[in-house]
Amino acid sequence: MQASETLARWRGIVAQAEDGAAAQPELSESSPRRIPAILYPTTLREVQDIVDAARANGTPLYPVSTGMNWGLGSRHPVRDDCVLVDLRRLDRIRDLNLAHGYAFIEAGVSQHALAQQLEGTPWMLNVTTSCKDSSLLGNAMDRGEGCIRPRREDLLGLELVLGDGSVLHTGGVGPGASRKFHGLGSGPDATDLFLQSSLGIATAGAFAFIPRPERIDYAFASFRRDGLAEVVDTVLALRRGRVLDTTFRLSELPVEPGHTGAVPDFTLLGPLLGRRAAVDATRAVLREEFGRLPSFRSFECGPVAEMPLTHPLYQRTQFFRGIPSCDLLRARFRVDDCDLDSRSESGWTVVATVLPLEGRAVQTALDVVTRVVDVEGLTCRLEVSAVSPTTILLMTAIWFARDAAGIARMRRTQEALRVQLRAAGLHPARDGVDAVRDEGSAGGALARIKAALDPAGIVSPGRYV
């Protein structure tokens, strides 16, 4: 079918549609995809109509929220010839409940838009370090990480359009015109089933806020690199003992090819929230616990609100106050706006890995990355996040030149990391669009669920489930 005929057909369903492109710029330089059309629905009904038409014609669909899944494929579908369903114009805050601390928002609502609604209220938002215009729901659907806690802890329930065109509500999101969040009902809750899946199109979700605390402090410590395992074990013990209940990140872990000099220190940064006395007590425990480690270098802690603009941690710590910003992101990529796919001169991709709950697993991962870097020659940078008492995430960022040679080196590095991390018993936490899926023992059961909810197989084919 000619492009004009294709668009005419879709414009009979949704007013805003445009030609796709065979090669859209993409920050992680994943393989180009053929995209026949891009649709911009503005209502739930339009999404249902899109699904109904796609099912009737056997047209695969690939939904994105705002498309800022940088490092993992941005807006690229997994396969060719998927019609892109861009949900950014589904941007209504349907319910803002300041009495009980939640909002019911559509997929295109940005973290900035919702954070603005909370200014001057008793609540704040768990934001990420990504663009302030990135989607809350899109990030949650791929199990993203906020600066205070995992986004999954914010997500209370979902509104979804399934592959048969029907609408499903999960997690206590009530049906009917209001679709407000009412809390869990009886029976199973299917919310987690739809995270990192291709079982339906999430059009809206209920999100919990964080009570605005009396005090928000930052805790920052540095350690020698040889103490990596003991620091991770210490942080995990503090989380299990409920001394810490927020995400702490170990960063400044660059791995450079052929590095033979002194290994640089690494740092640990996280927020302390609560009443003044509780924050002071936690700070004292951290100073004591970190100070007794042989690898300890330094420790500082203080109120984020009192930090001067000139402090080197200023940009990183303002996220702890629920204030999204693009400043750190733009400085990192040396751009003056957030169109990273087109504007960034350097390419950037990540390999996300979930680690066993022990410090030596982090050291094992570091050793794997070092081996790969020494062979392939690209610098990587690691960030380790203790996001809960039961979860450690490793994000390995790969920077590369966006030319043919640089892209080839990146792909070799990326594939070598995936293979060697798996061989070491360390498995993916998130997948890029070019990743080869290993569904494991649950694959058969998930395929049967996919067939039941999306019988024509039109929703995000090849993406996770």
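Taking the stretch 111-121 only, how many residues are touching a Cys at 6+ places or on another chain (Cβ under 9 Å) and buried (at least 20 other Cβ atoms within 10 Å of the Cβ)? Before the answer, list the steps.
Taking the stretch 111-121 first, the residues touching a Cys at 6+ places or on another chain (Cβ under 9 Å) are 111-112.
Of the ones still in play, those that are also buried (at least 20 other Cβ atoms within 10 Å of the Cβ) are 111.
Number of matching residues: 1.
From the set of residues in the stretch 401-418 that are open to solvent by less than 10 Å² (accessible area, probe 1.4 Å) and touching a helix residue (DSSP H, G or I) at 6+ places or on another chain (Cβ under 6 Å), which is farthest from THR247 (Cα to Cα)? Break it down into steps so the answer makes sense when it comes.
Keep residues of the stretch 401-418 that are open to solvent by less than 10 Å² (accessible area, probe 1.4 Å), which gives 406, 410, 413, 417.
Next cut, touching a helix residue (DSSP H, G or I) at 6+ places or on another chain (Cβ under 6 Å) only: 413, 417.
On the way: THR413: 28, LEU417: 25 Å.
Top of the filtered list is THR413.
If a residue has to be under 22 Å from ARG151 (Cα atoms) and buried (at least 23 other Cβ atoms within 10 Å of the Cβ) to count, how many in the stretch 220-243 make the cut?
Number satisfying all stated conditions: 2.
State yes or no: is ALA277 out of contact with any helix residue (DSSP H, G or I) (no Cβ under 8 Å at 6 or more places or on another chain), more than 21 Å from LEU236 (Cβ to Cβ) and either acidic (Asp, Glu) or not in a strand (DSSP E or B) (or both)?
yes
Does the stretch 301-314 contain at least one residue that is open to solvent by less than 60 Å² (accessible area, probe 1.4 Å), among the polar types (S, T, N, Q) and out of contact with any Pro (no Cβ under 9 Å at 6 or more places or on another chain)?
Checking the stretch 301-314: not a single residue is open to solvent by less than 60 Å² (accessible area, probe 1.4 Å), among the polar types (S, T, N, Q) and out of contact with any Pro (no Cβ under 9 Å at 6 or more places or on another chain).
Among what's in the stretch 58-72 and is part of a loop (DSSP other than H, G, I, E, B) and in contact with a Leu (Cβ under 9 Å, 6 or more places away or on another chain), pick the residue that is farthest from SER346 (Cα to Cα).
Filtering first and then ranking leaves SER65.
Return the residues of the stretch 122-176 that are in a strand (DSSP E or B), open to solvent by 10 Å² or more (accessible area, probe 1.4 Å) and closer than 21 Å to LEU72 by Cβ; say none if nothing qualifies.
GLU145, PRO150
Here is a check on your reading of the model: is ASP226 more than 30 Å from GLU46 (Cβ to Cβ), in contact with a helix residue (DSSP H, G or I) (Cβ under 8 Å, 6 or more places away or on another chain), charged (D, E, K, R) and touching a residue at least 12 places away in the same chain (Cβ under 8 Å)?
Values: more than 30 Å from GLU46 (Cβ to Cβ): yes; in contact with a helix residue (DSSP H, G or I) (Cβ under 8 Å, 6 or more places away or on another chain): no; charged (D, E, K, R): yes; touching a residue at least 12 places away in the same chain (Cβ under 8 Å): yes.
Here the answer is no, as ASP226 does not meet what is asked.
Working carefully through the options VAL47, VAL14, find the one that is open to solvent by less than 40 Å² (accessible area, probe 1.4 Å) and out of contact with any helix residue (DSSP H, G or I) (no Cβ under 9 Å at 6 or more places or on another chain).
Within the list VAL47, VAL14, the selection yields VAL47.
Just one of ASP91, ASP19, ASP81 is touching a Leu at 6+ places or on another chain (Cβ under 7 Å), among the acidic types (Asp, Glu) and either closer than 27 Å to LEU340 by Cβ or buried (at least 22 other Cβ atoms within 10 Å of the Cβ) (or both); which is it?
Among ASP91, ASP19, ASP81, only ASP19 is touching a Leu at 6+ places or on another chain (Cβ under 7 Å), among the acidic types (Asp, Glu) and either closer than 27 Å to LEU340 by Cβ or buried (at least 22 other Cβ atoms within 10 Å of the Cβ) (or both).
Among what's in the stretch 315-327 and is open to solvent by less than 60 Å² (accessible area, probe 1.4 Å) and assigned to a loop (DSSP other than H, G, I, E, B), pick the residue that is nearest to SER110 (Cα to Cα).
PRO324
State whether one or more residues within the stretch 351-364 are crowded, with 23+ Cβ neighbours inside 10 Å and within 18 Å of VAL263 (Cβ to Cβ).
Within the stretch 351-364, one or more residues are crowded, with 23+ Cβ neighbours inside 10 Å and within 18 Å of VAL263 (Cβ to Cβ).
Going through PHE248, PHE290 one at a time, which residue ends up being crowded, with 22+ Cβ neighbours inside 10 Å and closer than 26 Å to HIS112 by Cα?
None of the others qualify; the one that does is PHE248.
The values are calculated or read from the model by the stated rules, or taken from the named source; none is laboratory data. Everything quoted here is computed from the prediction, not taken from an experiment. Neighbour counts run over all protein chains shown; Cβ positions are idealised from the backbone, glycine included. For accessibility, only protein heavy atoms count, side chains too; no ligands or nucleic acids. Shrake-Rupley method; radii C 1.70, N 1.55, O 1.52, S 1.80 Å.
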